[in-house]
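The structure under discussion appears below in the form of structure tokens.
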Amino acid sequence: MNAYIQEVLDGLKARAPWEAEFLQAAEEVLESIAPVIEKDPKYKAQRILERIVEPERSVIFRVPWMDDKGEYHVNRGYRVQFNSAIGPYKGGLRFHPKVTLSTLKFLGFEQMFKNSLTSLPMGGGKGGSDFDPNGKSDNEIMRFCQSFMSELFRHIGPDTDVPAGDIGVGGREVGYMFGMYKKLQNEFTGVLTGKGLSFGGSLIRPEATGFGAVYFAEEMFKLKGETLAGKTISVSGFGNVAWGCCIKAAELGAKVVTISGPDGYVYDADGINTKEKFDYLTEMLVIDRNKVETYVRKFPNAKFFAGKRPWEQKVDIAMPCAIQNELSGEDAQNLLRNGVQAVVEVSNMGCTPEAWKLFIEKKIPFAPGKAANAGGVATSGLEMSQNSGRISWTAEEVDARLHQIMVNIHNTCVETAKEFGAEGNYVVGANIAGFKKVADAMIAQGLV
């Protein structure tokens, strides 16, 4: 490994060895950008790596709230504002009991490069809480969101930091937080994205991450002179991201055959490819966010595999859509034995290093999350543009813009990888392209 890169990584590990997710993300990015560091000495001279791995600001705060029985609870809230060199901080809020500062630093770090790839003027940030929305009433979630925003509002704004949703934060939660922000600041601005259509939200936003990932997969197969028509796809998760993948895959003639949850996974050989099935995926989130077994009760031709992950099924394309490190080296071996043709990482850092390095070694096209899942934040950026202009675009307009952004990201990854001697390596292409734009902006703005 490049000596300068190793020095920076050693420093990170010495400073916070317990931040496993963040260290994993930093190592992946820094290792892969070695060619540009060696080619251009200005990045070392300006100590860009030491600066780019350190968030500009991390805010941690308590979130007290009352449940429906009148009992008090206290959770921890966070906002990690990682980098604003190319625009206001932009990134989701995650409500999940396993959220830690390390989780959000890794997500904010990835978000910085992802946003750079979209070519839209957005910096990188991430936030959330260790609050678990599952099983809570609407009123409990409203009270939590209002308490959360009563501190977060001090640190965000339409030209400063524009949060969005993530795991555990959908349209309902964004609505409650937006209402509280509006009350506290006495202004109506596009400070959050993923809003309801009646108060500034964008069409296609809920589906956008899944749509964009499928568009990216389509471009990967175009390079081989193929289309997605007739391809089978294994998807994990069953939230908005998986839902969007199912819809767009069906539109393009492919067939998603799996979804998964904490209880196991479902295999539907007929494909999740009808409006009835798409609608039921959204209903399942209301029934129980922790169970996919309910799917087979509604559609008995499908099979449920308790306590297992979907990567044991034979498919053409694997698309992890749930959470970080959900696809292991062993899972990768299963997919390779079953003849997988491409892997598209839709969740952030969804594959372990053992898994994605194995795909690259075996010449299986592998798209990292920061490139493949950028459609979500890209459409958030389009929502910001609509809010700023006090305009609203049709679903067709938003989808067309999203499609073009994903085509451009794919082409940027391919061309950058080739330029730096790693043809076909989407990890190198995405990381170098994302890094260069942010790093050059940091240099241009001086030591701040």
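Every read-out reported here was derived from the displayed coordinates using simple, explicitly stated rules and does not represent laboratory data. These numbers were taken from a predicted model, which means no experiment stands behind them. As a convention, Cβ positions derive from the backbone with ideal geometry for all residues, glycine included, and neighbour counts pool all protein chains shown.
Starting from the Cα-Cα distance between Met66 and Asp132, subtract it from 0.36 nm times their residue separation and give me the gain in nm to one decimal.
On the way: separation 66, 0.36 × 66 = 23.76 nm, distance 1.39 nm.
Length difference between fully extended and current span is 22.4 nm.
Return the whole-Å distance between the Cα centroid of region 284-300 and the Cα centroid of region 214-260.
21 Å
If you build a Gaussian network model of the chain, linking Cα atoms that sit under 10 Å apart, which residue out of Ala417, Ala217, Ala16 swings the most?
Sorting by GNM fluctuation, first place goes to Ala16.
What is the distance, in nm, between label points placed 7 Å from the Cα along the Cα-to-Cβ direction at Leu252 and at Glu226?
So the label points at Leu252 and Glu226 sit 1.3 nm apart.
How far apart, in nanometres, would the label points at Lys308 and Arg47 be if each is projected 7 angstrom from Cα along the Cα-to-Cβ direction?
5.4 nm
Run the quick spin-label model on Asp40 and Glu276: label points 7 Å from Cα toward the beta carbon, then report their separation in nm to one decimal.
Result for the modelled spin labels: 5.5 nm.
Helix by helix, which DSSP H runs in the chain go 24 Å or more along their axis at the Cα atoms and have an average Kyte-Doolittle hydropathy of -0.5 or more?
Numbers: long enough: 101-118 (25 Å, 0.21); 395-419 (36 Å, -0.36); 426-444 (27 Å, 0.97).
In the chain, the long hydrophobic H runs are 101-118, 395-419, 426-444.
Could you work out [θ]222 nm for the chain from helices alone, using -39500 (n - 2.57) per DSSP H run of at least four and dividing by all its residues? Round to the nearest 500 deg cm²/dmol.
Working: 18 runs with 216 residues, N = 448.
Helix-only estimate at 222 nm: -15000 deg cm²/dmol.
Highest GNM mean-square fluctuation, the chain, Cα pairs closer than 10 Å: which of Asp132, Asp40, Asp270?
Asp40
For region 209-287, with equal point scatterers placed on the C-alpha atoms only and solvent neglected, what are the log10 I(q)/I(0) values from the Debye formula at q = 0.15, 0.18 1/Å, to two decimals?
Normalising to I(0) and taking log10 leaves -0.48, -0.67.
State the percent of C-alpha pairs, over all pairs in region 3-188, separated by a distance greater than 20 angstrom.
Numbers: 9690 of 17205 pairs.
In whole percent, the share of Cα-Cα pairs in region 3-188 beyond 20 Å is 56.
Find, to one decimal place in angstroms, the Kirkwood hydrodynamic radius of the chain, where the mean of 1/r is taken over every pair of different Cα atoms and then inverted. Spell out each step's value before the answer.
Numbers: mean 1/r = 0.0455 Å⁻¹.
About 22.0 Å, per the Kirkwood formula over Cα pairs.
If packing is taken as the average count of other Cβ atoms within 10 Å, what order do 155-165, 105-115, 437-447 fall into, highest mean first? Can you show the working numbers first?
On the way: 155-165: 20.3, 105-115: 28.1, 437-447: 15.1.
Going from most to least packed, we get 105-115, 155-165, 437-447.
Would you pull out the residues with amide H under 5 Å of Lys90's amide H, same chain only if 5 or more places away, H placed 1.01 Å from N?
Correct list: Gly123, Gly124, Gly125, Val162.
Please work out how much length the chain gains when fully extended from Asp10 to Ala400, using 0.36 nm per residue of separation minus the C-alpha to C-alpha distance, in nm with one decimal. Don't skip to the end; give the middle numbers.
Numbers: separation 390, 0.36 × 390 = 140.40 nm, distance 4.39 nm.
Going from the current span to full extension adds 136.0 nm.
Enumerate the lysines that Lys363 could reach by cross-link, defined here as Cα to Cα under 23 Å, with residues fewer than 8 away along the same chain left out.
Lys222, Lys224, Lys231, Lys314, Lys418
Arrange the peptides 199-208, 167-176 so that the one whose residues have, on average, the most other Cβ atoms within 10 Å appears first. Each step should come with its number before you reach the end.
Details: 199-208: 22.9, 167-176: 20.9.
My ranking of the peptides, most packed first, is 199-208, 167-176.
Just to be sure I understand the curve: with the Debye formula and one point per C-alpha of region 55-159, what is log10 I(q)/I(0) at q = 0.11 Å⁻¹?
-0.35
Work out how much length Ala269 to Gln445 would gain on full extension: take 0.36 nm times their residue separation and subtract the Cα-Cα distance, in nm to one decimal.
Details: separation 176, 0.36 × 176 = 63.36 nm, distance 5.42 nm.
My answer for the length gained is 57.9 nm.
In what sequence, highest mean first, do 123-129, 21-27 appear when ranked by Cβ atoms within 10 angstrom?
Top of the packing list down: 123-129, 21-27.
With all pairs of different alpha carbon atoms counted, what Kirkwood hydrodynamic radius in Å does region 208-367 show? Each step should come with its number before you reach the end.
Numbers: mean 1/r = 0.0656 Å⁻¹.
Kirkwood hydrodynamic radius for region 208-367: 15.2 Å.
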